[in-house]
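The block underneath contains the structure these notes are about, expressed in structure tokens.
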Amino acid sequence: MDFVGRSWLLLTGFILFYVIYLLFGALVFSSIERPMEDRMRTELKALKQEFLNLSCVSDASLERFLLKVLAANKYGVSVLRNASTTSNWDLASSMFFANTLVTTVGYGHTTPLSDTGKAFSILYALIGVPFTMLVLTACVQRIMFPLVLVPLGLLQRSGLEPRPATIVHFLLLLILLVMCFFVAPAAVFSAVELSWSFLDGIYFCFISLCTIGLGDFVPGTQPNQQYRSLYQVAVMVYLFVGLMMMFLLLRTFHKMADLHGLTFLPAAAALRGVRPGGGQGAHGGGRKQRPDGEGGREALEPGSQPSYNTMNTG
């Protein structure tokens, strides 16, 4: 098998292991946290019935009831009759939690109830976060050619110089990202999530793909929502692909800045004895300049300048 075939086989293995890792985390989290959640629901139901049976409610009873309700609501267990009876730790919800954990989005809408779950979250994230970054990097390497190198080559063949071509390409990639991963998903979220506006959808997409994850908007948490499990899986796929495209956009911007000299550090160049203009520093620590002037032109040689085509190796 040639190098390209082996690289694609390795990427497929990465993605397959990533899915298996999410399923493993979902099973462990569900087995640990769901009994705790069921116990909390039972206690809350009994406390509510006790509260209703009291003919005269005392301050202590009312305060105890409210404390229990607020503590349970923090972990997604509600006392309201119209609240969803679906567990927050079924397989799909646990996998959704595991996905937000390893992608560092972390909405905080669901958190481990037990000490065992908290300890496992630490160990799971220690492995899952760097592995997720590895998978994202490998995926970005594969989409560099069709989304970066090919469009850039077409722009240059159309007559644009390399630097203007990089700017046009970056703007086109930015428009593609905004339309496909912000505007279109926001329209879907505002239609599926009845309490969300279009602006709420845009806000959620931005907060999620920037891995800020404030948790004030979380999809799939409405009471009695249809196809909740399938919806959560679709959101997980959106988050992964969206993070991959954000990574590609940031990498493209960084390489474009390199090509335009925006990341040039004069202090670092001075330490090497090189002036921004290509000459030697005041202490003359560099190579001697050739009499014919070729040494002064070395910094202007094409091979010495940052190349946009080095993105796939940078």
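Here are some notes:
- A single member of 261, 220 is open to solvent by less than 30 Å² (accessible area, probe 1.4 Å) and at pLDDT below 90, and it is 220.
- Residue match in the stretch 139-148 (condition: open to solvent by 60 Å² or more (accessible area, probe 1.4 Å) and either modelled with pLDDT of 95 or more or among the β-branched types (Val, Ile, Thr) (or both)): no
- Count of residues meeting criterion [open to solvent by 40 Å² or more (accessible area, probe 1.4 Å), of a type outside the set (Gly, Ala, Ser) and closer than 12 Å to residue 218 by Cβ] in the stretch 84-110: 1
- Among the residues making up the stretch 119-136, those that are open to solvent by 50 Å² or more (accessible area, probe 1.4 Å) and either β-branched (Val, Ile, Thr) or closer than 16 Å to residue 24 by Cα (or both) are 119, 122, 123, 126, 127.
- Matching residues in the stretch 18-31 - criterion: being open to solvent by 40 Å² or more (accessible area, probe 1.4 Å) and in contact with a Phe, Trp or Tyr (Cβ under 8 Å, 6 or more places away or on another chain): none
- When the stretch 4-20 is filtered for residues that are of a type in the set (Ser, Thr, Tyr) and within 17 Å of the chain's Cα centre (by Cα), only 18 remains.
- Of all the residues in the stretch 193-213, those that are over 27 Å from residue 255 (Cβ atoms) and open to solvent by less than 60 Å² (accessible area, probe 1.4 Å) number 8.
The values are calculated or read from the model by the stated rules, or taken from the named source; none is laboratory data. What you see is a predicted model, and the numbers here were worked out from it, not measured in a lab. Don't worry about glycine lacking a Cβ; one is built from the backbone with ideal geometry, like all the others, and counts go over all protein chains shown. Heavy atoms of the whole protein, side chains included, go into the accessibility calculation; ligands, DNA and RNA do not. Shrake-Rupley method; radii C 1.70, N 1.55, O 1.52, S 1.80 Å.
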